[in-house]
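One structure is given below, encoded as structure tokens.
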Amino acid sequence: MLTKEQRAENIEHRFISQKRIFYILFSIFYSLNSIAQCAMCRASLESEGNKAKVEAVNDGIVLLMAVPYIIVGVIGFAIYRMYFKKKSA
């Protein structure tokens, strides 16, 4: 049986670990200006003169790029939680 101090330390350690994971994920996915188009796509879209279409394609590419990273992150977090649940039980 764990004492109150050990339980508090355990909870604090988990909170720090979760906070660290949040900061890592935030720093990976946060960007102020991302240019996702290749040179050929950009040239063909900009030749039409439609800036809204260029930005929409850019946003779509960034969204498609982010989804696999989010999925891998969720799976990694689930594995991480299962590992520490088994350790504490």
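Remark: region 43-89 carries a charge dipole of roughly 680 debye about the Cα centre, counting +1 on each Lys and Arg Cβ and -1 on each Asp and Glu Cβ.
Once the chain from Lys53 to Cys41 is taken as fully extended at 0.36 nm per residue, the excess over their C-alpha distance is 3.2 nm. If R0 is 25 Å, the Cβ-Cβ spacing of Ile79 and Phe26 corresponds to a FRET efficiency of close to 0.80.
Since every read-out is calculated from the coordinates, none of them should be taken as a lab result. Computed from a predicted structure; not experimentally measured. Neighbour counts run over all protein chains shown; Cβ positions are idealised from the backbone, glycine included.
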